[in-house]
Amino acid sequence: MSAVLSADGALDDTLQHSEGVWHAAWRRFKADRVGLASLVIVALFLLLIALSGLGLVAGNWQAEVGLPDAPPTFMGPAAPQQARSVIVVPKGPNVDLSDIDPLAPRYQEWAERARQFQTTETVKAPTLPFGGDRLGRDVLAKAVKGSEISVFVGVMAALVATLIGTALGAFGGFFGGKVGDLLEWLYNVFQSIPNILLIFAFAAVVGRGVQSVVVILALTGWTGMYRQVRGEFIKHTSREYVRAAEAMGASRMSRIFRHILPNVSHVVLVRMSLLAVGFIKAEVILSYLGLGVRVDQVSWGTMLAESQSELLLGHWWQLAAATLFMAVFVTAFSLMADALRDALDPKLRGLE
């Protein structure tokens with residue numbers, strides 16, 4: 001903040017305020033049309049997930065509303081299958097089955113009730129907007145409900161892994177010495193074990209479920225974030241603005257989180273976007289191997305696993321629906337993260 005003198009030497013009331021880091025970043029982000037459009041798409045997905053979680057959208061995804069393997073609406077109904085022949089064994093006219101089976105007199109009554117139930121049963125749709133699965137469940141409803149779990153797993157696991165990796169990388173790069181050596185040893189232990197073996201080991205301990213998948217992916221995916229943040233902190237710790245903050249009496253925590261971290265936030269955001277994309281794909285693999293979500297839940301991973309057998313019969317719509325939803329969200333999330341990186345990049349700030 002600086003004061004400006006007027007022509008007659010009096011102090012001008014106008015004070016010039018420097019623009020904040022986050023305010024300037026938001027201004028630059030709004031100027032990026034692709035990034036802003038990607039933010040809108042991600043926000044719509046999050047809104048859809050919230051409505052699905054409240055049961056307002058795709059709440060009946062388990063209902064068998066269509067015929068088994070019902071094709072998409074634009075394809076029209078499938079050709080009717082040939083009815084199976086039924087062999088009827090005639091009953092002798094003078095044979096009284098009540099002596100053999102005490103329930104025989106009730107068979108006629110039960111058959112009549114079954115015919116009445118069939119006439120009042122809800123007729124299943126021959127086609128559905130995005131088609132149906134082998135049980136007649138709406139593929140569109142499954143894709144919407146599946147996004148609730150897949151996006152939650154990917155984003156939450158990326159956030160947890162980012163917090164772990166950023167905190168450890170910041171402390172290791174800033175303090176160095178014995179703290180840095182200890183964290184480097186921990187990093188090397190995790191890196192020396194193949195990632196798939198770590199995933200299987202944690203899965204055997206924590207079990208199945210959404211929370212379990214988040215914990216598994218976060219505990220096995222923080223190492224890359226740690227390594228990159230540690231290198232950035234080593235580079236920034238010796239720079240002039242950090243030394244000036246130290247000379248002015250700023251504490252170590254203040255220098256870590258108020259001075260250095262905002263200047264490496266673009267690196268953290270890019271790495272987090274890559275983690276979220278990778279974790280969504282990892283959820284697909286875990287669900288396919290039976291280590292992901294429970295059998296009574298649906299995700300993009302379980303849909304892709306189910307579509308494997310359906311493709312052999314030429315039923316491709318469940319695979320297409322899950323792939324379309326996943327591709328749109330992953331692409332929008334990646335472009336949004338790239339725009340945030342450009343808005344927060346310190347090198348780009350100096351060009352304005």
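The values are calculated or read from the model by the stated rules, or taken from the named source; none is laboratory data. Here the structure is a predicted model, which is why all the values come from computation and not from measurement. Cβ atoms come from the backbone with ideal geometry, glycine included; neighbour counts cover every protein chain shown.
Taking Leu198 as the residue in question, decide whether it is under 24 Å from Trp26 (Cβ atoms), modelled with pLDDT under 90, surrounded by fewer than 18 Cβ atoms within 10 Å (Cβ to Cβ) and under 22 Å from the mean Cα position of the chain (by Cα). Working first, answer last.
Details: under 24 Å from Trp26 (Cβ atoms): no; modelled with pLDDT under 90: yes; surrounded by fewer than 18 Cβ atoms within 10 Å (Cβ to Cβ): yes; under 22 Å from the mean Cα position of the chain (by Cα): yes.
Here the answer is no, as Leu198 does not meet what is asked.
Would you mind finding the one in Ala245, Ala204 that is part of a helix (DSSP H, G or I) and loosely packed, with under 13 Cβ neighbours inside 10 Å?
Numbers: Ala245 fails: loosely packed, with under 13 Cβ neighbours inside 10 Å.
That would be Ala204, the only listed residue that is part of a helix (DSSP H, G or I) and loosely packed, with under 13 Cβ neighbours inside 10 Å.
Quick one: which of Ala161, Ala218, Ala170 is within 16 Å of Ile256 (Cβ to Cβ) and part of a helix (DSSP H, G or I)?
Numbers: Ala161 fails: within 16 Å of Ile256 (Cβ to Cβ); Ala218 fails: within 16 Å of Ile256 (Cβ to Cβ).
Only one candidate qualifies: Ala170.
Go over the candidates Pro80, Pro68, Pro72 one by one and state the one that is at pLDDT 90 or above and over 21 Å from the mean Cα position of the chain (by Cα).
Just a single option satisfies the conditions, and that option is Pro72.
Out of all the residues in the stretch 204-212, is one or more touching a residue at least 60 places away in the same chain (Cβ under 8 Å) and farther than 24 Å from Glu283 by Cβ?
Looking only at the stretch 204-212, we keep the residues that are touching a residue at least 60 places away in the same chain (Cβ under 8 Å), and these are 208-210.
Applying the additional criterion that residues be farther than 24 Å from Glu283 by Cβ yields none.
Looking through the stretch 204-212, none of the residues is touching a residue at least 60 places away in the same chain (Cβ under 8 Å) and farther than 24 Å from Glu283 by Cβ.
In the stretch 257-280, how many are farther than 21 Å from Ala332 by Cβ, touching a residue at least 60 places away in the same chain (Cβ under 8 Å) and buried (at least 21 other Cβ atoms within 10 Å of the Cβ)?
1
Quick one: would you say Glu352 is at pLDDT below 85, touching a helix residue (DSSP H, G or I) at 6+ places or on another chain (Cβ under 6 Å) and of a type in the set (Asp, Glu)?
Details: at pLDDT below 85: yes; touching a helix residue (DSSP H, G or I) at 6+ places or on another chain (Cβ under 6 Å): no; of a type in the set (Asp, Glu): yes.
No; evaluated as a whole, the condition is false for this residue.
Could you tell me whether the stretch 281-291 includes any residue that is outside any loop (DSSP other than H, G, I, E, B), more than 21 Å from the chain's Cα centre (by Cα) and touching a residue at least 24 places away in the same chain (Cβ under 8 Å)?
No, the stretch 281-291 contains no residue that is outside any loop (DSSP other than H, G, I, E, B), more than 21 Å from the chain's Cα centre (by Cα) and touching a residue at least 24 places away in the same chain (Cβ under 8 Å).
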